[in-house]
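Quick note: the coordinates plus some simple rules give every number you see, no bench work behind them. Note that this is a predicted model, so its numbers are computed, not measured. Because the Cβ atoms are built from the backbone with ideal geometry, glycine has one as well, and the counts that use them run over all protein chains shown.
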Amino acid sequence: MKTIVTPILMIGALVLSQTTIAKTYNGGADMSKLLPISTLLNNAQKYTTEPVTIKGTVTRVCQKRGCWMQLASDKKFQTLRVKVRDGDMVFPMTAQGKTAFATGTLKIHPLTLEQTNQRRKAQKLEPVDTAQVLHLFAPVAVTIKD
Amino acid sequence: MSWFKLNRSLHRDIGYFCIGMTLVFAISGIALNHIHQFNSNYQVTRTSHTITLSGLDIETDHFEATLLATLQLEDKVKARFWQDQTTYKLFLEEDTTLYLYPEQNEVLVEQVEPRFLLRQLNFLHLNEARAAWMWFSDFYAILLIYLAVSALFMVKGKRGVLGPRGLLVLAGFAAPAAFIIFYSH
């Protein structure tokens, strides 16, 4: 009897632990530093060193490793990707549609023209003649709310 | 009790204790190794529907209610977002996302469900629980080191590692060494 009960209890505990998966990372975002994403992107260089907290609806999440999530900006059609090193934080796919707060700094990655148009093609957008700049937000702490 | 018998007893009991953790790391290890071929965290199902969207004001509560009724979804919209000029997203409460393509009169229903058990195993393997799990994992790793070393002293004489079976130990070292030599440049 014991040989059956023990594995059942172990599996049960693991399944129940699903409900306890943390929605805050590294203590949660610092809500005193809130800044709209559009403002952050308008002054991108400034916020590469000055930590701020951004807020937005989670519109996409890395399906495989949960290493990034995309937040909707306060400005229409604008988004910002929150990116961590694999394993530093794991964003659940079920966070889509929830509101996320992330505290950290902005990283600026200039793209080549080829990279720019590859990304635009993936987004079903028309090609352009000038290379664009990729903005990634590197968080130190995150909170995801329902 | 002699040290030989003590070693065998400890090896047996610690081995029993490590079964659960070993299964957690072994199963999730395979799952994570093949995450690009098989998403072991989530089951994602997508179904496409042809629904007239062009010419409609899709940014209204009335439209959303009608759409959910048409799709026979008993759920609520918790957020909405224009992904780009051609794609409007509706996020539902129950881990469902609707992709609306007004130009194509198409609605894609994407449902995300964490996989039974594998999601939890991966959660542990990737240390999403952070500090407490890290210390427990360290403890488990120390026990594994003990199991490996104590295994050398399980059988005395030439029937143990001093005999032909010692080649198995060498093979166990040779395999990772070969990978380092061939792939680390």
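Observations
- Centroid-to-centroid, using Cα positions, segment B:57-83 and segment B:1-44 are 46 Å apart.
- Normalising by residue count, chain B has a Cα convex hull of 205 Å³ per residue.
- Taking other Cβ atoms within 10 Å as a rough exposure proxy, A:Ile37, A:Ile54, B:Ile58, B:Ile51 sort from fewest to most as B:Ile51, B:Ile58, A:Ile37, A:Ile54.
- Estimated 222 nm signal from helices in chain B, with DSSP H stretches of n ≥ 4 weighted -39500 (n - 2.57), rounded to 500: -16000 deg cm²/dmol
- Computed over neighbours whose Cβ is under 12 Å from that of A:Thr143, the net charge equals +2, Lys and Arg +1, Asp and Glu -1.
- Charge context of B:Phe38, other residues only, Cβ under 14 angstrom, K/R +1, D/E -1: +4
- Per-residue Cβ neighbour rank within 10 angstrom, fewest leading, A:Lys98, A:Lys23: A:Lys23, A:Lys98
- Near the amide H of B:Glu106, within less than 5 Å, lie the amide hydrogens of B:Ile51, B:Tyr101, all on another chain or at least 5 residues away, with H placed in the peptide plane.
- Relative to its residue count, segment A:22-145 spans a Cα convex hull of 112 Å³ per residue.
- Between segment B:111-159 and segment A:78-146, the Cα center-to-center distance that results, in Å: 33
- Cut-off under 5 Å, modelled amide H: who pairs with B:Gln43 long-range: B:Glu113, B:Arg115
- Approximate shape of segment B:1-69 as ellipsoid semi-axes (Cα gyration tensor, √5λ), whole Å, largest first: 60, 13, 7
- Rounded to the nearest 0.05, the FRET efficiency derived from the C-beta distance between A:Gln132 and B:Ala174 at R0 = 35 Å is 0.10.
- Over the protein assembly as shown - Rg/Rh using Cα atoms and the Kirkwood inverse-distance radius: 1.08
- P(r) tail fraction, segment A:52-118 - alpha-carbon pairs more than 13 Å apart, %: 67
- Cross-link pairs beyond the 28 Å C-alpha cut-off, checked among A:Lys64/A:Lys121; A:Lys33/A:Lys124; B:Lys5/B:Lys158; A:Lys23/A:Lys107; A:Lys46/B:Lys76; A:Lys23/A:Lys121: A:Lys33/A:Lys124; A:Lys46/B:Lys76; A:Lys23/A:Lys121
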